[in-house]
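Attaching a single structure in C-alpha cells format; questions to follow.
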Amino acid sequence: MLYSMKISQDIRRQHGGSQQEIEEGMAQKSKEFAAAGNRVYLPMAD
C-alpha cells in the first residue's frame, strides 16, 4: 500500500500542477468519458 502511495506522489510531483490545472484536466477527461458513452467497459474491437 505504501509503495502505491509513493508512485502516486511521484506522478503528482512530475505531472501535477496547480489545483486549477488538475480540475481542468479532470473536466476534460469527464468530457471524453461522456463522449465515449459514459461506459466503463467498452466493447472489444475486432
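The values are calculated or read from the model by the stated rules, or taken from the named source; none is laboratory data. Being a predicted model, the structure only gives us computed values, none of them experimental. These area figures cover heavy atoms from the full protein model, side chains too; ligands, DNA and RNA do not enter into them. Shrake-Rupley method; radii C 1.70, N 1.55, O 1.52, S 1.80 Å.
Select, from Asp46, Asp10, the only residue that is of a type outside the set (Val, Ile, Thr) and not in a helix (DSSP H, G or I).
After ruling out the rest, the residue left standing is Asp46.
Here's a check for you: in segment 8-46, which residue that is open to solvent by less than 100 Å² (accessible area, probe 1.4 Å) and among the charged types (D, E, K, R) is farthest from the chain's Cα centre (by Cα)?
It comes out as Asp10.
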